[in-house]
Amino acid sequence: HCAKRFQISPLHTLEGKFTENRGKTVKILTQGGEMLELCYELRTPFVMSVVANQILSFKRYEVSWVHRRAVGHSIPYRFLQGDFDIIGGASPIPEAEIVKVTLDVGAHFYDPKAIIIRLNHSKLAEAVCSWAGVPQERRQNVAEFFSSTLVQYWPNKADRKSQWSLIRGQLLQDLRLSEEVVEKLHKADQRFCGSADQVLARLRGTLFYDKSACKALDEISAFLKCLRIWSIEEHITIDVLMPPSECYYTDLFFQIYVKEGNPGSSSHEKLLAIGGRYDWLIEQAWDRTYKSKPPGAVGVSIALEKFLPNSPSSDIGFPRIEPSISVLVCSKGGGGLLNERMELVAELWEANIKAQFVPQEDPSLQEQYEYASDHDIKCLVFITEAGVSQTELVKVRHLDAKREKEVKREELVKFLSDAICLQFKNPTIWS
């Protein structure tokens, strides 16, 4: 996916704008009297670098330990975490690629059919709260309550349904919601949480009057459409009562699980990754004096230890990935040919070829060349409407070699694999 590693310092000072998780961080006092924090999460330091350098388009990954404060004087908890982020691009294309990356990682360790996605949208969650009549001042408390109770169970499963008698009592007594509001929240759980296709239709019928909710539903539909291009359409559940895992996910957000259990027996879901769009985090830190507008941003955090058969040792190493040639899949005409670009880039990923495409629906030729220049990509593959529907040919162009060749679509992977091995330097590949 052409991401570059952004290494996070394991220690940093207490300075910074974002302090929401301060109470959970592990603090260390140096001999000189300076208070430091162990790395709590991998995203905020990256965001601060994006802002400081005014980065508008970037893909990054990081693998590192994160730490959590333990109860009392116990040794702090430590987890191995992997982050993948995309800066820039038009929603929901980056969101779809983030999910694609996570599922591809998961497929190396689990049965792909056992991996399931649960998603929500912050504006949709807000609209459902308004529909149910939850007072504005109590919505945060309700979200925190659902996060620790209801969301622990999968929508429409018996164990979640069985919890509602207990949840109802707590909503009435502890959170002091009215009987009518609690009944509507229960109805939302029954009707608006479940299979994406069924739930979207019900939500549109109920929230048709709410422009913000309709926009959120359109964004979810577009996101699902992108996933279908990559054959990701099963096991997607919408849960409108699921709050975001991090406070900075302010649009579409998701959790990815794996179903565990023997066939015929009851199964449970193990959380593998959380992610979503965090434009808000960039906007909060963006200097208003910058000429450029803050870019959009999407990311996922993966619990890597849940993919490993045994807990990794403390001296785990991360091998250096040697640089290799990257390919940019481009379009000429045809309204951007987004579906075809996404299908082709997925084929290249499957063949272990580093590839990407401009994450916009209809980028101009100039925008695609600028993207190649900004990301130091020398090999471009062009698809055209005629090539898709008639000739079944694509054009491969190498900018440094100043050579190009038309290749049959079905032979492209082999051609690129051979050419990359030769660094595109052998003249015979162009004949």
Under 29 Å from the Cα of Lys187 - lysines, other chains or at least 8 residues apart:
Lys123, Lys157, Lys161, Lys211, Lys215, Lys225, Lys259, Lys270
In degrees, nearest ten, helix 196-206 long axis to first principal axis of the chain (Cα)
60
Under a plain spin-label model, where a point goes 7 Å from the Cα along Cα-to-Cβ, how far apart in nm are Glu180 and Lys225?
3.8
What is the calculated FRET efficiency for Lys161 to Gln360, with r their C-beta to C-beta distance and R₀ = 45 Å, to the nearest 0.05?
0.60
So what is the relative contact order for the stretch 322-431, in percent, with contacts set as C-alpha pairs under 8 Å and at least six apart?
26
Scan [x] 23.7, 78; [y] 20.5, 59; [z] 21.6, 68 for the value of Rg and Dmax of the Cα atoms in Å calculated from this model and give just the label.
[x]
So the FRET efficiency between Gln170 and Glu370, C-beta based with R0 = 35 Å and rounded to 0.05, is 0.05
Using θ = phi - 60° and Karplus 6.51 cos²θ - 1.76 cosθ + 1.60, couplings along the stretch 300-305 (whole Hz; Gly, Pro as x)
9, 10, 10, 7, 5, 5
Where the centre of each part is set by its Cα atoms, how far does the stretch 99-166 sit from the stretch 191-215, in angstrom?
15
Residues of the stretch 265-306 with the amide nitrogen closer than 20 Å to a label point 7 Å from the Cα of Lys113, along Cα-to-Cβ, please.
265-270
Treat each spin label as a single point 7 Å out from the Cα along the C-beta direction, and report the Lys270 to Gln140 distance in nm.
3.5
Taking the simple approach of a point 7 Å from Cα along Cα-to-Cβ for both Glu283 and Ser9, what is their distance in nm?
3.0
Taking the Cα centre of the chain as origin, sum charge times position over the Cβ atoms of Lys and Arg (+1) and Asp and Glu (-1), and report the length of that vector in debye to the nearest 20.
320
Relative contact order for the chain: what percent, with Cα pairs under 8 Å and sequence separation of 6 or more?
16
Can you pull out the trypsin sites (Lys or Arg not before Pro) in the stretch 72-167 that DSSP calls coil and that have at most 16 other Cβ atoms within 10 Å?
Lys157
Integer Hz, Karplus 6.51/-1.76/1.60 couplings in order for the stretch 154-159, x for Gly and Pro:
6, x, 6, 8, 4, 5
Picking from Ile116, Val99, Gly133, whose Cα lies most toward the positive end of the charge dipole for the stretch 98-275 (charges on Cβ: Lys, Arg +1; Asp, Glu -1)?
Gly133
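The numbers here are math on the coordinates, done by the rules we state, and not lab data. Here the structure is a predicted model, which means the values were calculated and not measured. All Cβ positions, glycine included, derive from the backbone under ideal geometry; neighbour counts span all protein chains shown.
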